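The values are calculated or read from the model by the stated rules, or taken from the named source; none is laboratory data. Quick caveat: nothing in here was measured; it's all calculated off a predicted structure. Methodologically, a virtual Cβ is constructed for each residue, glycine included, from the backbone with ideal geometry; neighbour enumeration extends over all protein chains shown.
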Amino acid sequence: MKIKTLFIAPYPAMIPLIEECRGIEEDLDIKIESGNLGHALPYVKNAEADGTEMIISRGGTAKLIEQETSIPVIDVQVSGYDMLRVLTLANDFPGKKAIVGFSNITLGAKTITDILDIGIEVFTVAKEEEVEALVFDLKSNGFELIMGDVVTVEAAAKFGLEGILIQSGREAIFDSFYKVKSVYHSFRKKQMENELLKAILKVNTENILVADSKGDIVFEQWNTFSSPPIQTSQLLTLVHRIESPNSVVTMKGIKEEVLKIRISNLQIGDESFTQFVISELESEKHASSYVKIEAVPQLPMIIQESEAMKDCLASVSGNNNRNFWVLIGAAGTGKGLIARYIHYLRYQGNGLFASFHAKEHRKMSDGFDKDTRTIFIYGAEETSSKERAELVKHCKQWNQAGKDVILSLYAETEDFYSAIFDDQANRVYIPLLTERKEDIRPMTAYFIASFHQQLGTSAVKIKEEAIELLEQYHWPGNAAELKTFLYDVVTAEKGYTIRKETVAKQLERKKQRPVQIDEGLLTGTLDQIEKRIIEAVMEEENQNQTKVSKRLGINRSTLWRKLKQ
């Protein structure tokens, strides 16, 4: 089969010679058009539509075409014969003579004029826009004959100078035909390799998208989704979250499904690319209502000014080589945060973190997604004695399957002795907030900043006497209670500084109406506790989001987002 080729001649006088050479060439199906520089581009656009496989042109026109098409372009060179012909024509011409053009013309011209000691000066331009100014300067310096390509000859005519077009002869045209065949076969081989790789990817990879360093998509395929399950802009926000060669994160898809996204960097020569491999989270297909799967892309922030918390985190770091953990601490002490801290220390952002209530452990008999590295179980005390024995058994089975297991307990309960005092268990005791008074000040600053950032609350600092009141209080609900208390304070405080009076007023309300903290309400992570509180208020207000948002002091969009988390 002949190679479908478009030959764009930059000047009309070239066409008869191309037609003559085309009659001799047997391997190319050549279509001829005429157009110099920008005038050639409409032919290029049509070529891409009608299946043209190769393009031939010359000089600046060839260079411009290369920038506008993915079709391989062959540049007709000016041969030594071509240069000798034009120099012969100019030899008897009186006056000063010059050759002006792009490097494809001037490099060979300079070589010949130097070897043969011909008195013709050679000038090279990099852009078309440079030609007229250069020709004008040459006229001012007494030059009378200018040789070059179409743009050079047109500029010479504009300023009243003689011009000779350097044309490509049969030798150069036949040489371009040879290059077309050589490049085509090499190009087709690469195309076949690319098609093979795409076919292999289609069979072995579910869904993949690759973006270049500018954020442009260079490759995508969707095998298990009828259409892209997530907005490209959402994926691109993940590029800077890569903290390891193969990071895994989770995101909500367009249809609210939970997607697992594996992110990796690809370096091809000097170019950098980001690859996203996307799939629906396996365990979420069956357990989305009771298990939360998430990525932990960075080390969680844990305030540790107190010796008690420093000792706690030291015990975590000192036993980081085991995969079974028992976290023992009262409700609200932050066991969920510690669990995520352990997960990050172990895997540095790789793998997923699963958390669920102990009552749901039987539903996890089908196992977890292969990228889930850590399993965090809370609410163990709310199970029956029989369920507790089964839970411990399941924990050991998940351990044997290669998963890290973190069991959260309020105290050293007898039913869990087999887990707590197992030789392979890491026991971590989480201190009460009353044992870490030194942390109340920095925790308060952290929570105030967090509420300011998320909710736009006014307060940005707290007075010293107000801090002292916080340090004197006994905090039965620990860090979780401090956080919710400060939420009430910052929403009540309209100034930029939290006053002692505002804190005292909120504390007085606690004394007037003692709160019996429901252990179940404060089970799990701080985010989960917050969501339970919102859901409880929603129930009290008959699902009226306007009333709930007003009561909680947040806007409706924030309320909606928190309910969706």
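Couple of notes before you dig in:
- Residue among F356, F416 that alone is over 30 Å from S306 (Cβ atoms) and crowded, with 16+ Cβ neighbours inside 10 Å: F356
- Screening T457 on (1) modelled with pLDDT of 80 or more; (2) assigned to a helix (DSSP H, G or I); (3) farther than 30 Å from T383 by Cβ shows it passes everything except condition (2).
- Output for the range 406-423, where each listed residue is under 22 Å from S355 (Cβ atoms), part of a loop (DSSP other than H, G, I, E, B) and either free of Cβ contacts under 8 Å to residues at least 40 places away in the same chain or touching a Gly at 6+ places or on another chain (Cβ under 6 Å) (or both): T413
To keep it simple, each residue is scored yes or no on (1) out of contact with any strand residue (DSSP E or B) (no Cβ under 6 Å at 6 or more places or on another chain); (2) of a type in the set (A, V, I, L, M, F, W, C).
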| residue | (1), (2) |
| --- | --- |
| I3 | no, yes |
| I8 | no, yes |
| R22 | no, no |
| E25 | yes, no |
| P42 | yes, no |
| M54 | no, yes |
| G60 | yes, no |
| L64 | yes, yes |
| E68 | yes, no |
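- All helices (runs of 4 or more DSSP H) inside the range 471-564 with 2 or more residues being at pLDDT below 75: 500-512, 526-540, 545-552, 556-564
- Only one of the listed residues (N104, N91) is under 23 Å from T61 (Cα atoms), at pLDDT below 85, out of contact with any Phe, Trp or Tyr (no Cβ under 8 Å at 6 or more places or on another chain) and not assigned by TED's automatic domain parsing to the domain that holds M54. That residue is N104.
- Enumeration of residues in the range 149-172 that are small (G, A, S), closer than 20 Å to L107 by Cβ and in contact with a Phe, Trp or Tyr (Cβ under 9 Å, 6 or more places away or on another chain): G169, A172
- Count of the range 449-482 residues which are farther than 19 Å from Q528 by Cα and surrounded by 20 or more Cβ atoms within 10 Å (Cβ to Cβ): 5
- Some residue of the range 94-106 being exposed (fewer than 14 other Cβ atoms within 10 Å of the Cβ), free of Cβ contacts under 8 Å to residues at least 12 places away in the same chain, part of a helix (DSSP H, G or I) and of a type in the set (G, A, S): no
- All positions within the range 136-156 that are small (G, A, S) and in contact with a strand residue (DSSP E or B) (Cβ under 9 Å, 6 or more places away or on another chain): G142, G148, A155, A156
- Filter pass, V151 being touching a residue at least 60 places away in the same chain (Cβ under 8 Å) and of a type outside the set (D, E, K, R): yes
- Lone unmet requirement of (1) in a loop (DSSP other than H, G, I, E, B); (2) closer than 24 Å to D75 by Cβ for A156: (1)
- If the condition is being exposed (fewer than 13 other Cβ atoms within 10 Å of the Cβ), in contact (Cβ under 8 Å) with a residue 12 or more places away in the chain and not acidic (D, E), then the range 1-23 contributes K2, P12, A13.
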